[in-house]
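J.: Here it is, the structure, as structure tokens.
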Amino acid sequence: MTANKPIYHFQVGDRIEITSVELQDVMRRRLLDLGFVPGTVIEVVQKSPLGDPLAFKVFNTTIALRKEESSLIYGKKVYKEVV
Amino acid sequence: MAHTIALAGNPNTGKSTLFNLLTGLKQHTGNWPGKTVLRAEGELKTEKHVYTVIDLPGTYSLYSNSADEEVARDYIIFEKPDITLVVVDATSLERNLNIALQVLEMTDRAILCVNLIDEARKKGIHIDKEPLSKQLGIPVILISAREKIGIIQLLKTIDQMTEGKIETQPFKIKYNQTVEKKIKQLEPQIKQIIGNALPARWVALRILDGDIKLLDSLKSYLQNPDFVAEKHQPAQGGCCHGA
Ligand SMILES: Nc1nc2c(ncn2[C@@H]2O[C@H](COP(=O)(O)OP(=O)(O)OP(=O)(O)O)[C@@H](O)[C@H]2O)c(=O)[nH]1
Ligand SMILES: [Mg+2]
């Protein structure tokens with residue numbers, strides 16, 4: 001078993017199952033709407049030179065998140081296909 | 001008076017392509033009042049009816065996190081189009097159904113247009129139309145706005161819905177016990193204030209979500225003279241509108 005950690009800390013190519021979204025209010029709503037829902041498997045597709053922002057593939061769409069957000073979304077590494 | 005059809009859905013699902021196909025050259029564009037969001041409106045004539053079609057901005061959600069979402073939400077909830085076409089991408093159905101479920105919490109008169117069916121077929125994606133329609137409780141039409149597939153079927157379904165010949169039973173998400181209990185408590189109070197003018201369950205959910213901006217829109221809606229007349233009208237029946 002791998003431990004849950006902020007999705008900010010994963011590497012390009014990693015597949016992550018989201019375990020929790022520790023943001024509140026409008027930002028939380030927004031991220032859920034974009035597909036960052038617990039149980040969903042996402043993939044890290046690109047990292048900028050300084051590591052921020054980070055791009056994820058979520059339900060077939062690439063979404064870039066700043067560290068502010070991606071450090072508050074938790075997940076664990078998995079070895080299954082991303083939708 | 002012309003019936004109204006709104007096109008809603010995620011960005012890039014082909015709403016404008018469908019809009020252009022349906023309305024041809026009979027369009028006019030401008031901005032939504034007070035917003036820098038483009039508003040496109042056009043006319044559609046079928047064999048039996050005349051419609052005004054409104055192309056809503058593409059959004060991932062209708063919870064008003066942005067000007068686009070607010071425009072789309074306010075149109076569906078306050079302007080109450082006779083029919084809402086939810087345009088979804090056949091190759092990315094799971095993501096797209098989020099907004100479809102949100103629309104079904106707001107209106108009974110919706111049709112799911114599964115667009116880009118040509119693209120889906122190329123990718124070997126098969127859409128099980130009947131079970132999807134059964135589960136969502138609304139008609140599901142497989143279309144390609146670009147390749148002009150399924151459009152006749154869509155127009156037929158639009159006319160039938162307008163004539164009250166289609167009974168929908170929109171799927172409503174059931175929330176956990178705590179939330180459902182609170183909805184039950186709020187609903188009668190909401191109905192007392194706004195009658196049947198807006199779906200009480202949806203308003204209750206927005207209040208529970210702490211959607212302050214909606215409460216502002218709601219207040220101005222309640223002060224609108226048209227509202228007073230509407231409050232006492234019978235509830236919007238799923239099937240009988242315009243019948
Ligand atoms: N293959 C295929 N492509 C389509 C179809 N419908 C639309 N497209 C293409 O998808 C792209 C987006 O189409 P639009 O009509 O602009 O999408 P939209 O939903 O209006 O986008 P927003 O207004 O940004 O939300 C365009 O390149 C279209 O040509 C279709 O049925 N099949
Ligand atoms: Mg468009």
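J.: Inside segment B:143-174, can you point out the residues that are closer than 29 Å to B:Pro199 by Cβ and part of a helix (DSSP H, G or I)?
T.: Residues satisfying the conditions are B:Gln153, B:Leu154, B:Leu155, B:Lys156, B:Thr157, B:Ile158, B:Asp159, B:Gln160, B:Met161, B:Thr162.
J.: Now a separate question. Go through A:Arg30, A:Arg15 for me and flag whichever is of a type outside the set (A, V, I, L, M), at pLDDT 95 or above and under 26 Å from B:Thr91 (Cβ atoms).
T.: Details: A:Arg30 fails: at pLDDT 95 or above.
Of A:Arg30, A:Arg15, the one residue that is of a type outside the set (A, V, I, L, M), at pLDDT 95 or above and under 26 Å from B:Thr91 (Cβ atoms) is A:Arg15.
J.: Which count do you get for residues in segment A:7-22 that are open to solvent by 20 Å² or more (accessible area, probe 1.4 Å) and touching a Phe, Trp or Tyr at 6+ places or on another chain (Cβ under 9 Å)?
T.: Residues meeting the conditions: 4.
J.: Any idea which of B:Leu93, B:Leu116, B:Leu101 is surrounded by fewer than 24 Cβ atoms within 10 Å (Cβ to Cβ), within 13 Å of chain A (Cβ to nearest Cβ) and within 20 Å of B:Ser16 (Cα to Cα)?
T.: B:Leu93
J.: A further question on this structure: Suppose we filter segment A:18-32 for residues that are assigned to a helix (DSSP H, G or I) and in contact (Cβ under 8 Å) with a residue 12 or more places away in the chain; how many remain?
T.: Residues of segment A:18-32 assigned to a helix (DSSP H, G or I): A:25-32.
Those still in the list that are in contact (Cβ under 8 Å) with a residue 12 or more places away in the chain too: A:27, A:31.
So the count comes out to 2.
J.: Here is a further query. Considering only residues that are within 15 Å of ligand 2 (Cβ to nearest atom), more than 14 Å from chain A (Cβ to nearest Cβ) and out of contact with any Leu (no Cβ under 7 Å at 6 or more places or on another chain), which ones fall in segment B:1-29?
T.: Within segment B:1-29, B:Ser16, B:Thr17, B:Asn20, B:Leu21, B:Gln27 qualify.
J.: Could you check segment B:1-42 and list, in sequence order, the residues that are part of a helix (DSSP H, G or I), of a type in the set (Ser, Thr, Tyr) and either open to solvent by 50 Å² or more (accessible area, probe 1.4 Å) or in contact with a Ser or Thr (Cβ under 6 Å, 6 or more places away or on another chain) (or both)?
T.: Selection gives B:Ser16, B:Thr17.
J.: Hey, does segment B:131-150 have a residue that's farther than 30 Å from B:Ala204 by Cβ, open to solvent by 20 Å² or more (accessible area, probe 1.4 Å), of a type outside the set (S, T, N, Q) and within 16 Å of ligand 2 (Cβ to nearest atom)?
T.: Yes: one or more hits.
J.: Sticking with this one: Name every residue in segment B:68-90 that is within 14 Å of another protein chain (Cβ to nearest Cβ), touching a Gly at 6+ places or on another chain (Cβ under 9 Å) and of a type in the set (A, V, I, L, M, F, W, C), in order of residue number.
T.: First pass over segment B:68-90, keeping only residues within 14 Å of another protein chain (Cβ to nearest Cβ): B:68-70, B:72-73, B:88-90.
Applying the additional criterion that residues be touching a Gly at 6+ places or on another chain (Cβ under 9 Å) yields B:68, B:72, B:88-89.
If the condition is that a residue be within 14 Å of another protein chain (Cβ to nearest Cβ), touching a Gly at 6+ places or on another chain (Cβ under 9 Å) and of a type in the set (A, V, I, L, M, F, W, C), then B:Ala72, B:Val88 are the ones that fit.
J.: Taking segment B:49-66 only, how many residues are within 12 Å of chain A (Cβ to nearest Cβ) and among the aliphatic types (A, V, I, L, M)?
T.: Residues meeting the conditions: 1.
J.: Regarding segment B:64-72, can at least one residue be identified that is within 16 Å of ligand 2 (Cβ to nearest atom), under 12 Å from the mean Cα position of the chain (by Cα) and buried (at least 22 other Cβ atoms within 10 Å of the Cβ)?
T.: Narrowing segment B:64-72 to residues within 16 Å of ligand 2 (Cβ to nearest atom): B:66-69, B:71-72.
If we keep only those that are under 12 Å from the mean Cα position of the chain (by Cα) too, we end up with B:72.
Right, trim to buried (at least 22 other Cβ atoms within 10 Å of the Cβ) and you get B:72.
Yes: one or more hits.
J.: Are any of the residues in segment B:210-219 surrounded by 17 or more Cβ atoms within 10 Å (Cβ to Cβ), within 14 Å of chain A (Cβ to nearest Cβ) and not acidic (Asp, Glu)? Write out each step before concluding.
T.: Taking segment B:210-219 and keeping what is surrounded by 17 or more Cβ atoms within 10 Å (Cβ to Cβ), we get B:211, B:214, B:217-218.
Adding the requirement that they be within 14 Å of chain A (Cβ to nearest Cβ) leaves B:211, B:214.
Now narrow it down to the ones that are not acidic (Asp, Glu): B:214.
Checked segment B:210-219: at least one residue is surrounded by 17 or more Cβ atoms within 10 Å (Cβ to Cβ), within 14 Å of chain A (Cβ to nearest Cβ) and not acidic (Asp, Glu).
Here's the yes/no breakdown for (1) over 26 Å from B:Asp209 (Cβ atoms); (2) among the aromatic types (Phe, Trp, Tyr); (3) free of Cβ contacts under 8 Å to residues at least 24 places away in the same chain; (4) assigned to a loop (DSSP other than H, G, I, E, B):
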residue: A:Ile16; (1), (2), (3), (4): yes, no, no, no
residue: A:Gly39; (1), (2), (3), (4): no, no, yes, yes
residue: A:Glu43; (1), (2), (3), (4): yes, no, no, no
residue: A:Glu68; (1), (2), (3), (4): no, no, yes, no
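J.: Being touching a strand residue (DSSP E or B) at 6+ places or on another chain (Cβ under 6 Å) and more than 20 Å from B:Lys165 (Cα to Cα) is the filter here; which residues of segment B:111-131 pass it? Can you show your working first?
T.: In the first step, residues of segment B:111-131 are kept if they are touching a strand residue (DSSP E or B) at 6+ places or on another chain (Cβ under 6 Å); the result is B:111-118, B:127, B:129.
Once the filter is applied, which keeps residues that are touching a strand residue (DSSP E or B) at 6+ places or on another chain (Cβ under 6 Å) and more than 20 Å from B:Lys165 (Cα to Cα), segment B:111-131 yields B:Val114, B:Asn115, B:Leu116, B:Ile117, B:Asp118, B:Ile127.
J.: Which of the residues belonging to segment B:131-153 are of a type outside the set (A, V, I, L, M, F, W, C) and under 20 Å from the mean Cα position of the chain (by Cα)?
T.: B:Ser133, B:Lys134, B:Gln135, B:Gly137, B:Pro139, B:Ser144, B:Gly150, B:Gln153
J.: Quick check on this structure: which one of B:Thr107, B:Thr13 is more than 12 Å from ligand 1 (Cβ to nearest atom) and either modelled with pLDDT under 95 or touching a strand residue (DSSP E or B) at 6+ places or on another chain (Cβ under 8 Å) (or both)?
T.: B:Thr107 is the lone residue from the list that is more than 12 Å from ligand 1 (Cβ to nearest atom) and either modelled with pLDDT under 95 or touching a strand residue (DSSP E or B) at 6+ places or on another chain (Cβ under 8 Å) (or both).
The values are calculated or read from the model by the stated rules, or taken from the named source; none is laboratory data. Note that this is a predicted model, so its numbers are computed, not measured. Backbone-built Cβ (ideal geometry, glycine too); neighbour counts: all protein chains shown. For the accessible areas, the whole protein counts, side chains as well, though only heavy atoms, and no ligand, DNA or RNA atoms are used. Shrake-Rupley method; radii C 1.70, N 1.55, O 1.52, S 1.80 Å.
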